[in-house]
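The values are calculated or read from the model by the stated rules, or taken from the named source; none is laboratory data. Remember, it's a predicted structure, so these values are computed and weren't measured experimentally. Neighbour counts are summed over all protein chains in view; Cβ atoms, including those assigned to glycine, are modelled from backbone coordinates with ideal geometry.
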Amino acid sequence: MPLILVVLLAIGALGVLLEELHETADHQDAGHFGVRSLVLIGLTVGFVWAFEPLGYWIATVAYTFCVAWLFEQERVGASRAAQTALLIAAGITVMGWLFFVQLFELFLPEGYF
Amino acid sequence: MLGDLLGGFVAITNPETFLYLVTGFVMGLIFGAIPGLTATLAIALLLPFTFAMELTNALVMVMAIFMSGIYAGSVTGITVNIPGAPSGAITTLEGHALMKRGHGAQALSLDAFASSVGGVLGALVLMFVAVPMSEFALMFHTPDKFALVFMAVATVVIVAKGSIWKSLVAVTLGLMISTVGFDNMVAQGRFEFGSANLIEGVQLLPAVIGLFAICELLLQGGSSIHDRPKAPEFKVRHRDFFLNWSKVREIGALTYLKSSIIGVLIGMLPGGGASMASFVAYAEAKRVSKKPEEYGNGSHEGLAAAESANNAMCGGAVVPLLTLGIPGDSVTAIIFGVLLIHGLVPGPDLLISEMATIAPMFAALMMAAVFVFLSVLIFGPYYIRIAQMNRGILYSFIAMIAMVGTYASTFSVFQMWMALFIGVFAYLLRLMSYPLVPMLMGIILGPYLELYLRRALITSNGDFMVFFQSPISIGLYVMTALFIYFLRYRAPKAI
């Protein structure tokens, strides 16, 4: 099976290459690249890395604050976004805890620092 | 069977289950109405919670999200000319044209009515076709099952939007991912690189979260606040949503019925989806219309046809999942996961042995369809504000649920890494216009494709003719060839 898949992938890749060379490729549906996407990847890497050591509360507040700020600063400016992002982060973290721990009785790490 | 179906309706009258139905309905509305977000994403985010939920509640909620999410895609389409979901594109074409001519209120109410009619008819077909189809599927032998999965994989490649080659690459990548881990025929790991975490393979949860939640978050990172739909420039009142029955009569019961049947049939087709259903029903309605010149300029008939088919598709899409064990699109693929999480294996035996467990799902689909019209009458003016939701709240919520949900359901940081890795990979693919649904289908169907292929070859001592000996197999290959012909080379080009 893996060998068949390698052949299939090669055929598909060749087709894509020919489309690009003949300039018949369709890029209408392509997503947009943004620096914010890279920052979001970095933030999520940091969140996963720190999730167990810092615990749910600290890691999630920090992560959701940064994500909310990234989107909010575009709307209300950097300093005002910090205030709204803090409120959003607090609200979402509490809501997450209520959902996961209180309602569905799932385990979330408390951190070991 | 009728007793079980009625039992399903009784089950959703339980206050707790009903609350899940309403919550799912609201979630679907929000995610369906916001451009870029979809019902698939809402169901993907729900997946981690289903580990701790009762199966009935989980299925009811998923069905409600599915139905309302498909409907909601058209609300912002009609009002601000930006469809919340791709399936609302045709409705947007006709609905927004009506809006510009001052008939927006009619468009919104006809849209909701058509969605309800289509949704109810789709749910009825599901209820009465699923069991006979399951009984037929029990006759399938291993080579027939291979032919069936092959048909699903081939059709998903064919119907995906854009380049067929990119779709082929995406499905192959999904199939490749599915080969990671324990070989299902011999007791040996494959491509696990000595990692104990990879020996079990790539699990469905991080795959779904990565492909739909993380990827979408990263894509939204690249969008600007200016891409968000503006608030409509007119005031919408409750009475605008009251239905104009003379228009309904003008459209005719046949248009609703035929479009719904088209929607159900396309829903049953692997990879069919709401976009294709609305497109084909719209093209057919235009073909037989007495006023074809109105199409594209605000046709009530076109709007009703597209929207009936859209929501009827929901019932049809569940049929192959429950009867054959083949998910046809991303939503049913996630429902597949929900059933597996609760120890139920989708396939011919499921409805015959577990009809009472599954019946609330049918009832929920029908109730959600009825809710569409009722809720529009009550909350209609507020629906069009959904797309204005604060992006900071929305995306930090999605990020939190996606990552914490993955951890909470698996107790594993490794699965969080896996979801992130798949999400970034999917994001890169989307930047280059590769479709993601074929990839998910590859991940889900890969193990079955390989299992049936190898099992059939073992029992036939390596004779490949085993795949062409049964009438069912031959019928399925002929259907695959017909799908390729009609969906790729003879696809309607009416718009």
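Residue-wise test of (1) closer than 13 Å to B:Tyr71 by Cβ; (2) of a type in the set (S, T, N, Q); (3) not in a helix (DSSP H, G or I).
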position: B:Gly88; (1), (2), (3): yes, no, no
position: B:Leu93; (1), (2), (3): no, no, no
position: B:His96; (1), (2), (3): no, no, no
position: B:Gln106; (1), (2), (3): no, yes, no
position: B:Leu110; (1), (2), (3): yes, no, no
position: B:Ser115; (1), (2), (3): yes, yes, no
position: B:Leu121; (1), (2), (3): no, no, no
position: B:Leu126; (1), (2), (3): no, no, no
position: B:Val129; (1), (2), (3): no, no, no
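Going by what's in this entry, would B:Tyr452 be described as facing chain A (nearest Cβ under 9 Å), in contact (Cβ under 8 Å) with a residue 40 or more places away in the chain and buried (at least 21 other Cβ atoms within 10 Å of the Cβ)?
When the stated conditions are applied, B:Tyr452 does not pass them.
Quick check on the range B:356-378. Is at least one of its residues out of contact with any strand residue (DSSP E or B) (no Cβ under 7 Å at 6 or more places or on another chain) and farther than 29 Å from B:Gly73 by Cα?
Yes, there is a match, as at least one residue in the range B:356-378 is out of contact with any strand residue (DSSP E or B) (no Cβ under 7 Å at 6 or more places or on another chain) and farther than 29 Å from B:Gly73 by Cα.
Given the options B:Thr13, B:Thr40, B:Thr17, name the one that is under 26 Å from B:Leu124 (Cα atoms) and part of a loop (DSSP other than H, G, I, E, B).
None of the others qualify; the one that does is B:Thr13.
Can you tell me which residues in the range B:386-400 are in contact (Cβ under 8 Å) with a residue 24 or more places away in the chain and within 7 Å of another protein chain (Cβ to nearest Cβ)?
Scanning the range B:386-400 gives B:Arg391, B:Tyr395, B:Ala399.
Considering only residues of the range A:56-83 that are in contact with a Gly (Cβ under 7 Å, 6 or more places away or on another chain) and at the interface with chain B (Cβ under 10 Å from one of its Cβ atoms), which is nearest to B:Leu219 (Cα to Cα)?
If we take residues in the range A:56-83 being in contact with a Gly (Cβ under 7 Å, 6 or more places away or on another chain) and at the interface with chain B (Cβ under 10 Å from one of its Cβ atoms), then A:Phe71 is nearest to B:Leu219 (Cα to Cα).
Take the residues in the range A:19-46 that are more than 7 Å from every other protein chain (Cβ to nearest Cβ) and modelled with pLDDT under 90; name whichever of them is nearest to the chain's Cα centre (by Cα).
Going through the qualifying residues, I end up with A:Val35.
Matching residues to (1) buried (at least 23 other Cβ atoms within 10 Å of the Cβ); (2) within 18 Å of B:Val131 (Cα to Cα); (3) more than 17 Å from the chain's Cα centre (by Cα); (4) in contact (Cβ under 8 Å) with a residue 24 or more places away in the chain:
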{"residue": "B:Glu293", "(1), (2), (3), (4)": "no, no, yes, no"}
{"residue": "B:Gly316", "(1), (2), (3), (4)": "yes, yes, no, yes"}
{"residue": "B:Gly347", "(1), (2), (3), (4)": "no, yes, yes, yes"}
{"residue": "B:Leu350", "(1), (2), (3), (4)": "no, yes, yes, yes"}
{"residue": "B:Leu365", "(1), (2), (3), (4)": "yes, yes, no, yes"}
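Take the conditions facing another protein chain (nearest Cβ under 9 Å) and either of a type in the set (A, V, I, L, M, F, W, C) or surrounded by fewer than 21 Cβ atoms within 10 Å (Cβ to Cβ) (or both) and apply them to A:Pro53. Does it pass?
no
Considering only the range B:433-449, how many residues are more than 23 Å from B:Pro327 (Cβ to Cβ) and either without any contact (Cβ under 8 Å) to a residue 12 or more places away in the chain or crowded, with 21+ Cβ neighbours inside 10 Å (or both)?
Total satisfying the criteria: 0.
Within 14 Å of chain A (Cβ to nearest Cβ), in contact (Cβ under 8 Å) with a residue 40 or more places away in the chain and within 18 Å of the chain's Cα centre (by Cα): is that true of B:Val62 in this structure?
Criteria not met by B:Val62.
On the basis of being part of a helix (DSSP H, G or I) and either surrounded by fewer than 17 Cβ atoms within 10 Å (Cβ to Cβ) or touching a residue at least 40 places away in the same chain (Cβ under 8 Å) (or both), does B:Ile199 make the cut?
No.
The rows are residues; the columns are (1) polar (S, T, N, Q); (2) in contact with a strand residue (DSSP E or B) (Cβ under 7 Å, 6 or more places away or on another chain); (3) over 30 Å from B:Tyr489 (Cα atoms).
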site	(1), (2), (3)
B:Ser115	yes, no, no
B:His141	no, no, yes
B:Asp144	no, no, no
B:Val169	no, no, no
B:Gly181	no, yes, yes
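Among (1) surrounded by fewer than 16 Cβ atoms within 10 Å (Cβ to Cβ); (2) among the charged types (D, E, K, R); (3) facing chain B (nearest Cβ under 7 Å), which single condition is A:Glu110 missing?
The number of the failed condition is (3).
Can you name every residue in the range B:157-194 that is of a type in the set (S, T, N, Q), in a loop (DSSP other than H, G, I, E, B) and at the interface with chain A (Cβ under 7 Å from one of its Cβ atoms)?
B:Ser163, B:Thr179, listed by residue number.
Quick check, is B:Leu428 at the interface with chain A (Cβ under 10 Å from one of its Cβ atoms), within 21 Å of A:Val39 (Cβ to Cβ), out of contact with any helix residue (DSSP H, G or I) (no Cβ under 8 Å at 6 or more places or on another chain) and part of a helix (DSSP H, G or I)?
Criteria met by B:Leu428.
So for the range B:477-495 (the condition being among the β-branched types (Val, Ile, Thr) and in a loop (DSSP other than H, G, I, E, B)), does at least one residue qualify?
Looking for residues that are among the β-branched types (Val, Ile, Thr) and in a loop (DSSP other than H, G, I, E, B), one finds at least one in the range B:477-495, hence yes.
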